[in-house]
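Take a look at the structure set out below.
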Amino acid sequence: MLSSNLKKAGTQVLRAAPYSVTRVAKSQLAPAVFTTRFALNATTPVTTFSYSNSFIETPINVRFFSAIPTGMVPPADNSHDKRKFSALSPDVIKRLREELESVDVNKDGKIDADELKQLLRKHKGVFREAEILEISELYYSGNAAKGVPIDNLLEAIDGTLTNKDGRQNVLGAGRCAAEYYYDLNHHKWNDDELNIELTHVEPKTIADRLAYGAVKGVRLAFDTATGWNHEITASKVMQRVIFLETIAAVPGMVAAIIRHFKSLRSMERDGGLINMFLEEATNERMHLLTFVRMRDPSILFRASVIGSQFGFGTAFLLAYIISPKFCHRFVGYVEEEACSTYTKIIHAIETAPEGSDLAAWRTQKAPKIGISYWHLGENGTVLDLMKAVRADEAEHRDVNHSVVNMKPGDVNPRYDPTLRLDSALNKYVRDMMTRNPKEENAKVA
């Protein structure tokens, strides 16, 4: 039978025979706090009842055990108080916790995707509605629809402030969304993002040198054939950009198709690269569809496009099957040249004398399809359009050069869902840190 001293402690424990009870101190027992531990060499867990000046240990049968003393409730879980934060002050942690708990509708101590959505909507000055929907979707898929405990979320938020290189998945979310989700807010460039720097990746390997030499050779031949020299006119610009965009949309589609079939054969993920290259092909096609609204190509021009597309498309397809890295380096160098070309065009428009065709592009409205795609605004001009196109080409340049250095298991360098979530948490906490608590309380009142 169980010791009478346990009965005096008011603890409900059913018969645990044939187990025996160890010695109990004779001093008066204080209210008990219990913990359960498992001995390495035993199959029966041991429960330790801790008191103010003594303790007892008794083996228990887990199937018939109630560790809650009569008339008592377990102490509140204050484990979050013991967590250490590197960047957040106690005051900020308190405010974050209060706001997180305010959106925890079901009071389960966790934040799910819908609750995160409501949380971010409290910061509409920082997050656009499209961003909120995107982030909540990534949060949902990254955590397999499960909510994240508030304490874990606070630690992740703290981690975004100490994660200097920006390459850490502080929330520990999965990357499933990379396979089917892409940036819905793409191509809405900020002013800072339109200031493009002309960069160049020095060839290091034999494949790099072959790719760079091929691009320089093709550019020289094309410049000669089209009469592209130091004189830039509106007619030459239209002829050049329309033709080039019919070719530029080929590599992304070829890469996406081949990677798609490879993913099917291997039954493995692609890391989101298929989506990225499909988007790249669509983006280049949008360049073309916008420019043809400004000039309708002739029949001879269209015939030359068909021939060039067939020749280049076939060659690039075979080359990609043999060496994807060579092809991405080739495209990277092509995009370097494209950035250079669009920079010259932009400079020519900005410095063109009044009354010229190029000068008119400073005020002439861009085609409607371009205004809607790049979010140029109601009065978006052709000059604004050219700057947006150059930003696209710079992104393609950087992405294709990055893909060359990717390793198996790496995720799309343009859109890693986990880093996207980290960035959103970082933006959220920085907004909280800059808010004035007194002003917030005044708004609520």
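Once R0 is set to 30 Å, what does the formula 1/(1 + (r/R0)^6) return for the Cβ-Cβ distance between residue 146 and residue 262, expressed as a FRET efficiency to the nearest 0.05? Could you put the intermediate results ahead of the total?
On the way: r = 31 Å, r/R0 = 1.05.
With R0 = 30 Å, the Cβ-Cβ based efficiency is 0.45.
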Want the number for residue 216 to residue 347: 0.36 nm per residue separation, take away the alpha-carbon distance, what's left? 44.9 nm
Loop-located GluC sites (Glu not before Pro) in the stretch 337-422, at most 14 other Cβ atoms within 10 Å (DSSP): 354, 378
Chymotrypsin sites (Phe, Trp or Tyr not before Pro) within the stretch 280-368, DSSP loop, no more than 14 other Cβ atoms inside 10 Å: none
DSSP-loop trypsin sites (Lys or Arg not before Pro) across the stretch 218-318, with at most 15 other Cβ within 10 angstrom: 269, 293, 295
Quick one: length gained pulling residue 292 to residue 122 fully straight, 0.36 nm per residue minus the C-alpha distance? 56.9 nm
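What percentage of the solvent-accessible surface of the stretch 275-385, computed with a 1.4 Å probe over protein heavy atoms, is contributed by carbon and sulfur atoms? Provide the component values of the computation, followed by the final result.
Numbers: 3490 of 5600 Å².
Result for the stretch 275-385: 62 percent of the exposed heavy-atom area is carbon or sulfur.
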Starting from the Cα gyration tensor of the stretch 325-412, take the square roots of the eigenvalues, sort them a ≥ b ≥ c, and report rounded, prolate or oblate (rounded when a/c is under 1.5, otherwise prolate if a/b is larger than b/c, else oblate). oblate
Quick one: length gained pulling residue 94 to residue 410 fully straight, 0.36 nm per residue minus the C-alpha distance? 110.1 nm
Given R₀ = 41 Å, FRET efficiency for residue 229-residue 131 by Cβ-Cβ distance, to 0.05? 0.35
In nanometres, what is the gap between the two model label sites at residue 315 and residue 205, each 7 Å from Cα along Cα-to-Cβ? 2.1 nm
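The values are calculated or read from the model by the stated rules, or taken from the named source; none is laboratory data. Predicted model, so just to flag it, every value in this text is computed and none were measured. All Cβ positions, even for glycine, are placed from backbone atoms using ideal geometry, and neighbour counts span all protein chains on display. Areas reflect the complete protein model, heavy atoms only, side chains present, ligands, DNA and RNA absent. Shrake-Rupley method; radii C 1.70, N 1.55, O 1.52, S 1.80 Å.
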